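Data first, discussion second: the structure below is written as structure tokens.
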Amino acid sequence: MNSRTLHTLLHTIVDYAGLFPPAGLSLDSAVGLYASYHASTHAWMLGRFVVPVARLDELARAMELVGSPQGNPWRLSALMGADHAGDVAAVLAFNAAKHHALVDVFEVKASTADEIRAIARAVPQTIKTYVEIPIENDPRDLVAALAAVKLRAKMRTGGVVPGSIPPTEHVARFIRACYAANVGFKATAGLHHPLRSEHGLTYQPDAPRGVMHGFLNVFLTAAFHYNGLTQRDAVDLLNATSLAGLEMNDDTMRWREYVVTRDEISTVRRRFATAFGSCSFTEPVEDLVNLELLT
């Protein structure tokens, strides 16, 4: 491990979404892999298992085949469909059944302030709720609506076609809007790799290629907002393709004139930039090892 600050930045950062493209695994396979990741050297980086509400009963059966997790129950992030009230009822019933797994996060989509308010009326305050909003236009009004009802934001940072990758400026604008409104966020899709770089967008040999956002870029950008990061520098940091200029030790991280302490990074991860969903756990880990940031 390069530094305690990096450990703090990456702790429980990867919400495992192996059910979704481009991996698209069966539920049995994804559950088996998630169990193996929990037993691995880098389990400290592993966050929640992402699953649609409609597949929670199937998940419980798959977990029985794998065997009950050792220690604490698995934490789950449940994707809601159109029937918000029905999905909430299903999750509360699942949690009450004590399957050695607990849904403590909802994820749901909305594109208007009215939809956000309707979601807020449906979800219990005991379950954190991330609302995926579009970021191609200025998201400040939607982020303000989330702040008003104490929900969190979610942005989509990629996909299986080049056009699904948002411009760096849009990602920077979303992060700044959330920071200004004191709204926590997570990201999903297209963040398999630590640094901005070109990759195939699926696992097929003839896959389309695109320049993907890096999860270190995104989460460092969020962290340096706590030290006054400007919009222009945010775009520069999101565009960075190497770690040149980043200094890390056990107590601080520094980039250009910006410095964040390990305590500040902990606050960022707990309250602001909380996780990213990835259909691969091994790719983020292996890339960090190759960069000599992990052993």
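Read the figures in this text as sums done on the coordinates, not as results from a lab. Everything numeric here is computed off the predicted structure, so don't read it as measured data. Quick reminder, even Gly has a Cβ in these numbers, built from the backbone with ideal geometry, and neighbours come from all protein chains shown.
A few points about this structure:
- Calculated P(r) of the stretch 1-156 - Cα pairs past 28 Å, %: 26
- Shape summary of the stretch 158-245, radius of gyration then Dmax from alpha carbon positions: 13.3, 43 Å.
- In Hz, Karplus ³J(HN,Hα) per residue of the stretch 244-258 (6.51, -1.76, 1.60; θ = phi - 60°; x = Gly, Pro): 4, x, 8, 10, 10, 9, 6, 10, 9, 10, 9, 9, 6, 8, 9
- Taken about its Cα centre, the stretch 4-289 carries a charge dipole of roughly 640 debye when the Cβ of each Lys and Arg holds +1 and the Cβ of each Asp and Glu holds -1.
- THR129 long-range amide H proximity, modeled H, under 5 Å: PHE106, ARG152
- Once the Cα-Cα distance is subtracted from the 0.36 nm per residue extended length, the ALA43 to ALA60 segment shows a gain of 4.0 nm.
- Relative compactness, the stretch 165-210, computed as alpha-carbon Rg over 2.2 N^0.38 Å: 1.44
- A simple rule links phi to the HN-Hα coupling: the Karplus curve 6.51 cos²θ - 1.76 cosθ + 1.60 with θ = phi - 60°, which for the stretch 18-29 gives x, 6, 10, x, x, 5, x, 6, 5, 5, 4, 5 Hz, with x for Gly and Pro.
- What the pair-distance distribution of the stretch 74-182 shows, using all Cα-Cα distances binned every 5 Å from zero, is 2, 12, 22, 20, 17, 14, 9, 4, 1 percent.
- Bridge type composition, the stretch 4-289 - antiparallel percent by DSSP, nearest 5: 25
- Calculated FRET efficiency for the pair ARG270/ASN249, C-beta based, R₀ 30 Å, to 0.05: 0.90
- Translational diffusion of the stretch 48-87, µm² s⁻¹ [Kirkwood Rh, Cα pairs; Stokes-Einstein; 37 °C; 0.692 mPa s]: 294
- Values of log10 I(q)/I(0), in the order q = 0.16 Å⁻¹, for the chain under a Debye, Cα-only, solvent-free model: -1.40
- You can think of it this way: the chain between ASN182 and LYS150 has 10.6 nm of extra reach, that is 0.36 nm per residue less the Cα-Cα gap.
- Proximal lysines relative to LYS186, as straight alpha-carbon distance under 18 Å, when same-chain residues fewer than 8 apart are discounted: LYS109, LYS128, LYS150, LYS154
- Neighbour-limited loop hits for GluC sites (Glu not before Pro), the stretch 165-271 (at most 13 other Cβ within 10 Å; DSSP other than H, G, I, E, B): GLU257
- Low-density loop cleavage sites - chymotrypsin sites (Phe, Trp or Tyr not before Pro) in the stretch 186-295, where at most 14 other Cβ are within 10 Å (DSSP): TYR203
- Estimated from the Cβ-Cβ distance and a Förster radius of 51 angstrom, the FRET efficiency linking THR126 and HIS199 is about 0.85.
- Convex hull volume per residue, computed on the Cα atoms of the stretch 140-295, equals 113 Å³.
- Centre separation in Å (Cα based) which lies between the stretch 36-92 and the stretch 244-294: 25
- Leading residue at positive end of dipole, the chain (Cβ point charges), from TYR34, PHE224, ALA207: PHE224
- Trypsin sites (Lys or Arg not before Pro) within the stretch 62-116: DSSP coil, no more than 12 neighbouring Cβ in 10 Å: LYS98
- Per-residue [θ]222 nm for the chain (sum of -39500 (n - 2.57) over DSSP H runs n ≥ 4, rounded to 500): -11000 deg cm²/dmol
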